[in-house]
Amino acid sequence: MRSIRAAATGAVTLSLVLAASACGGGSSTGGGSNDSPKTLTYWASNQGASIEIDKKVLQPELDKFEKQTGIEVKLEVVPWSDLLNRILTATTSGQGPDVLNIGNTWSASLQATGALLPWDAQNFSKIGGKDRFVDSALGSTGVPGQDPAAVPLYSMAYALYYNKQIFADAGIAKPPATWAELVADGKKIQAKGKQVLGAEGANVSENIHHIFVFAKQHGADFFTADGKPDFTNPKVVDAVKQYVDLMAKDKAIPAGNAEYAQNQSVSDFAKGKTAMLLWQSASANLKSQGMSEDAYGIAPVPVQSGTPGTGTQVNSMVAGINLAVFKNTDNLDGAAKFVKFMTSDEEQKILNKAYSSIPPVKTAQADAAFTAPANAVLKDTLARSAAALPQVPDESQFETAVGTAVKELFADAAAGRAVTTESVKAKLEKAQQQMPAK
């Protein structure tokens, strides 16, 4: 998402196994080692409905940066299916970009490799200071108490998107506030011949995001206080089973969604095939696929009971994208200028509007565009009822191992195989055994 400290060896071994089929060798060179100081390489994550849309969003801004500084930015938009493996491979080989996007949940894992530039007070001063960023975004930039491994770029939260016409046709007056209400509404929706809830069972990252929320709602954590994996905790097992049971028992998630990988559930929702969608900051994605903002509503993700809040009423992870710099870049000054540009008020407004995300920069967040109803739910969720995924060095391995376990459970559900407490626990036990030894 150099040098590797000894404690990270297990993680690195796993990352190399994972990367073997996905990295494709990369297209950038050693932190720009073969490029002039007037060139930067940038790996951007796929935020739009397609890589081409991302290029259309980003390239005009990169051209603007070149005009201001004389520094050309060579852009590669990397699909989510490849991004973490590409980054992990780059941390071990030293062959990577100068600047890159990382999913904010990976910050602590990538920090542990020692490959990323630490954002100490001196480096933050180059981009206007640490206090420009909101606290919730800074909470997902690395291990607490250490200098951040990255700088917040886009902030997001999950919400429940619902099709107003499908709801009206089914006689449903308001979006569900609890999972029990969602399942009950689903029966009314199915009676009208529509699918209920879109999901991406083969998308490892999406799986992790959702089961993290379910675990929080069950009062569970995936790691103990001293950072050891605790995947078979009965509350974790119950949480994972409840999520998979939305397909296996409740039939709210269509069986075919077990094979969905990226953006397919969004496409179904945009086309009116599915009544509801759990997604992070989806408005721009839906617009690009031709869905009018008037056609859907946005509500908080359901909780077990009551209303969203802290503790067991958490209904989103603190989602977002961070901007990191490989510390072996030979153009550190240019990289710092680029980070300053991308986190400037002007660019924060342009980019976060384009992606319907929330600026993590306080002054940009105050713009009227981010106080509209579509963003109100997301901002309120980030402020009141979102929690950061575990900021532990083995977080990326956790995402891969447990996210894959959930993928396999969805496959079982789709094939009609029983999903039981015992089968869920067995998958989580297998995932825990794949974690680096402590």
Practice item. Determine, yes or no, whether Gly24 is modelled with pLDDT under 90, outside the structural domain of Ala284 (by TED's automatic domain parsing), farther than 25 Å from Ser155 by Cβ and crowded, with 16+ Cβ neighbours inside 10 Å. Key: no
Point to revise | Residue check, Val244 part of a helix (DSSP H, G or I) and under 26 Å from Ser155 (Cα atoms) | key: no
Exercise for review: Consider only pairs whose beta carbons are under 6 Å apart and that are at least six residues apart or on different chains; among these, list those whose first residue lies in region 156-179 and is part of a strand (DSSP E or B) and whose second residue is of a type in the set (Ser, Thr, Tyr).
Suggested key: Met156/Ser281; Met156/Ser357; Tyr158/Ser316; Tyr161/Tyr296; Asn163/Tyr296; Thr178/Ser305
**Study point:** Qualifying residue in region 94-107 (condition: at pLDDT below 95 and on the phi > 0 side of the Ramachandran plot)
**Key:** yes
Study note, to complete from the structure: Note: among Asn328, Asn352, Asn322, just one is of a type in the set (S, T, N, Q) and farther than 19 Å from Leu62 by Cα, namely Asn328
Review point. Quick check: is even one residue across region 398-409 in contact with a strand residue (DSSP E or B) (Cβ under 8 Å, 6 or more places away or on another chain), closer than 30 Å to Asp135 by Cα and in the same structural domain as Thr232 (by TED's automatic domain parsing)?
Key: yes
Review point. How about region 354-378: which of its residues are touching a helix residue (DSSP H, G or I) at 6+ places or on another chain (Cβ under 9 Å), farther than 26 Å from Ser50 by Cβ and either part of a loop (DSSP other than H, G, I, E, B) or among the aromatic types (Phe, Trp, Tyr) (or both)?
Key: Asp367, Thr371
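Would you confirm whether any residue within region 401-415 is part of a loop (DSSP other than H, G, I, E, B) and either within 21 Å of the chain's Cα centre (by Cα) or among the aliphatic types (A, V, I, L, M) (or both)? Step through it out loud before you land on a result.
If we filter region 401-415 for residues that are part of a loop (DSSP other than H, G, I, E, B), which is where we start, we get 415.
From what is left, the residues that are either within 21 Å of the chain's Cα centre (by Cα) or among the aliphatic types (A, V, I, L, M) (or both) are 415.
Yes, some residue in region 401-415 is part of a loop (DSSP other than H, G, I, E, B) and either within 21 Å of the chain's Cα centre (by Cα) or among the aliphatic types (A, V, I, L, M) (or both).
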Revision key, fill the gap. All-but-one check, Ala414 against (1) in the same structural domain as Val213 (by TED's automatic domain parsing); (2) of a type outside the set (Lys, Arg); (3) in contact with a strand residue (DSSP E or B) (Cβ under 7 Å, 6 or more places away or on another chain), failing number (3)
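Condition check: assigned to a helix (DSSP H, G or I), outside the structural domain of Ala150 (by TED's automatic domain parsing) and aliphatic (A, V, I, L, M). Does Ala336 satisfy that?
no
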Study note, to complete from the structure: The lone condition Lys187 fails out of (1) in contact with a helix residue (DSSP H, G or I) (Cβ under 8 Å, 6 or more places away or on another chain); (2) part of a helix (DSSP H, G or I) is (1)
Review point. Taking the condition at pLDDT below 90, in a loop (DSSP other than H, G, I, E, B) and either touching an Asp or Glu at 6+ places or on another chain (Cβ under 6 Å) or more than 30 Å from Met435 (Cα to Cα) (or both), does Ser305 pass?
Key: no
Revision key, fill the gap. Taking region 192-208 and keeping residues closer than 16 Å to Val406 by Cβ and either among the basic types (Lys, Arg) or assigned to a helix (DSSP H, G or I) (or both) leaves Val204, Ser205, Glu206, Asn207, Ile208
Exercise for review: Looking for whichever is under 18 Å from the mean Cα position of the chain (by Cα) and part of a helix (DSSP H, G or I) here; the options are Gln397, Gln432. Which one fits?
Suggested key: Gln397
Practice item. Go through region 125-155 residue by residue and tally those that are in a helix (DSSP H, G or I) and either modelled with pLDDT under 95 or within 21 Å of Asn328 (Cα to Cα) (or both). Key: 5
Practice item. Only residues that are crowded, with 17+ Cβ neighbours inside 10 Å, in contact with a strand residue (DSSP E or B) (Cβ under 8 Å, 6 or more places away or on another chain) and closer than 16 Å to Phe326 by Cβ: list them for region 76-90, please. Key: Val78, Leu83, Leu84, Arg86, Ile87, Ala90
Review point. Gln122 fails exactly one of the following numbered conditions: (1) at pLDDT 95 or above; (2) crowded, with 17+ Cβ neighbours inside 10 Å; (3) assigned to a helix (DSSP H, G or I); (4) of a type outside the set (D, E, K, R). What is the number of that condition?
Key: (2)
Check your understanding: Taking region 269-302, which residues are assigned to a helix (DSSP H, G or I), surrounded by fewer than 19 Cβ atoms within 10 Å (Cβ to Cβ) and touching a strand residue (DSSP E or B) at 6+ places or on another chain (Cβ under 9 Å)?
Key -> Ala295
Point to revise | Selected residue [assigned to a loop (DSSP other than H, G, I, E, B), of a type in the set (Lys, Arg) and more than 22 Å from Ser356 (Cβ to Cβ)] from Lys251, Lys235 | key: Lys251
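Within the bounds of region 209-229, is there any residue that is part of a loop (DSSP other than H, G, I, E, B), of a type in the set (A, V, I, L, M, F, W, C), at pLDDT below 95 and on the phi < 0 side of the Ramachandran plot?
Within region 209-229, the subset part of a loop (DSSP other than H, G, I, E, B) is 218-222, 224-228.
After this cut, where a residue has to be of a type in the set (A, V, I, L, M, F, W, C) as well, the list is 220, 222, 225.
Adding the requirement that they be at pLDDT below 95 leaves 225.
Checking the rest, the ones that are also on the phi < 0 side of the Ramachandran plot come to 225.
Looking for residues that are part of a loop (DSSP other than H, G, I, E, B), of a type in the set (A, V, I, L, M, F, W, C), at pLDDT below 95 and on the phi < 0 side of the Ramachandran plot, one finds at least one in region 209-229, hence yes.
The values are calculated or read from the model by the stated rules, or taken from the named source; none is laboratory data. Everything quoted here is computed from the prediction, not taken from an experiment. Every residue, glycine among them, receives a Cβ derived from its backbone with ideal geometry; neighbour counts consider all protein chains shown.
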